[in-house]
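The values are calculated or read from the model by the stated rules, or taken from the named source; none is laboratory data. None of these values were measured; they are calculated from a predicted model. Here the Cβ positions follow ideal geometry from the backbone for every residue, glycine too, while neighbour counts run over all protein chains shown. For accessibility, only protein heavy atoms count, side chains too; no ligands or nucleic acids. Shrake-Rupley method; radii C 1.70, N 1.55, O 1.52, S 1.80 Å.
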Amino acid sequence: MPVELHELPPELRKSLDEIGNLGVSEEQFHLTRKRILDEAATSETLAALDAVRVAALGKTGVVSIWLKLIGGLPPENRAPASYRFNRLREEVQVAIADRKAALDRAELDAKLARETLDMTLPAEAAPLGSIHPVSQVMDELAEIFADLGFAVATGPEIETQWYNFTALNMPETHPARAMHDTFYLNAHDGEEARVLRTHTSPVQIRAMQAAGGSKPIRIIAPGRTYRSDSDATHTPMFHQVEGLVIDKGITLGHLKWTLETFLKAFFERDDIVLRLRPSYFPFTEPSAEVDVGFSVVNGKRVIGGSDGWMEVLGSGMVHRSVIAAGGYDPDEWQGFAFGCGIDRLAMLKYGMDDLRAFFDGDARWLKHYGFSALDVPTLSGGVGA
Ligand code: DAH
């Protein structure tokens, strides 16, 4: 950057001594320039560097003051002085930017050197906190059904009445609506009131719509559901998992095989016996409730065998009008569906007997029934981890 006198274009070649009335001699100019550039280049911290910037280029900085004085010079002296001081200003700006980049780089290098992570160390189980049995069971379900080719789908917990009821073959006057103890939300601007979904079944409709009426579907939809109900086996918020298969040529046989395979994998026993009881759900035809057999061991019920029966899920062949509401042609496509309480599955598998404790947030309960974050369910390892 040309600031030396001899480097200047001839028409600007006028020394500061010649210009005179700026109060800065040629020698002072050079000493000051050298000092600023040295200080910038040797600043050890960003704060020190900024102090150099303020002292040179700040409002009352030395370079700024010189630049201001130019206005008072006779016209023929303004160009040479302005040229020198503006060059100096640029020079200082570049020096500061260079030093800042170097300091930033050094800081990053130091940080990288400081923050090492030994990836070969064995992971330690977290000393506090645990995976809630409901989350664990949801992971187990996803793992089991992924192996059967099912994807996980979700839907909103605040649902329209159309998705929660109407599309599922429960028109407004249908008595099943009353059976659901529904939480209704306040209606907005002439819209119909929304509800907290009373089951995960509305995800069936959303999954069909998302698939556009022309593709086979295999999904499970785990999630929160709500009903105004509370006792040892009911809480206002609870969890369900929905299953839906839509394809061509689907029969009740596919449903039974799928549920049997699922329950055997979930309870990790081969002696699971299923009983399909004819039942009624508006969204399936025919409908079946599924019981699993239990045996009594030391006075306790254990899944497996057939000393008695426990209801675990509802299921059936998807009703024609539900298939149509999802945008599929029921003459071409069939399907089966099932719905199941996740909390109840967890209670049966892991032996809790009061559902309300699931949601009390009692650290002792969580410590006892919770899972380690490292207990990731895998089919090969046994989904119960
Ligand atoms: N939605 C039902 C309930 O909450 C459960 C259910 C039954 C879901 C049968 C289904 C089904 O998909 O086919 O009680």
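Structural remarks
- Looking only at residues in region 22-51 that are farther than 15 Å from Arg84 by Cβ and in a loop (DSSP other than H, G, I, E, B), the one that is most open to solvent (accessible area, probe 1.4 Å) is Glu44.
- In the set (1) crowded, with 16+ Cβ neighbours inside 10 Å; (2) in contact with a helix residue (DSSP H, G or I) (Cβ under 7 Å, 6 or more places away or on another chain), Leu148 fails one condition alone, (1).
- Looking across Ala357, Ala337, Ala324, one residue alone is within 16 Å of the ligand (Cβ to nearest atom) and small (Gly, Ala, Ser). It is Ala337.
- Residues satisfying the stated conditions in region 354-385, i.e. within 23 Å of Asp229 (Cα to Cα) and free of Cβ contacts under 8 Å to residues at least 60 places away in the same chain: Ala357, Asp360, Gly361, Asp362, Trp365
- Listed by position, the helices (runs of 4 or more DSSP H) inside region 151-222 whose residues that are open to solvent by less than 20 Å² (accessible area, probe 1.4 Å) and out of contact with any helix residue (DSSP H, G or I) (no Cβ under 6 Å at 6 or more places or on another chain) number at least 3 are 202-211.
- Odd one out for Tyr280, checked against (1) open to solvent by less than 10 Å² (accessible area, probe 1.4 Å); (2) within 12 Å of the ligand (Cβ to nearest atom); (3) without any contact (Cβ under 8 Å) to a residue 24 or more places away in the chain: (1)
- Out of Glu332, Glu311, one residue alone is part of a strand (DSSP E or B) and either within 11 Å of the ligand (Cβ to nearest atom) or within 39 Å of the chain's Cα centre (by Cα) (or both). It is Glu311.
- For region 223-237, a residue qualifies if it is closer than 20 Å to Leu141 by Cα and open to solvent by 20 Å² or more (accessible area, probe 1.4 Å), and the qualifying residues are Arg224, Met237.
- Some residue of region 314-328 being among the charged types (D, E, K, R) and either assigned to a loop (DSSP other than H, G, I, E, B) or over 37 Å from the mean Cα position of the chain (by Cα) (or both): no
- Qualifying residue in region 261-270 (condition: surrounded by 14 or more Cβ atoms within 10 Å (Cβ to Cβ) and in a strand (DSSP E or B)): no
- Inter-residue pairs, beta-carbon under 8 Å, first in a strand (DSSP E or B) and in region 284-304, second of a type in the set (Asp, Glu), 6+ apart: Glu289/Glu311; Val290/Glu311; Asp291/Glu311; Gly293/Asp307; Phe294/Asp307; Ser295/Asp307; Val296/Asp307
- Filtered by the rule that a residue be touching a strand residue (DSSP E or B) at 6+ places or on another chain (Cβ under 8 Å) and closer than 19 Å to Gly339 by Cα, region 177-190 gives a lone residue, Thr182.
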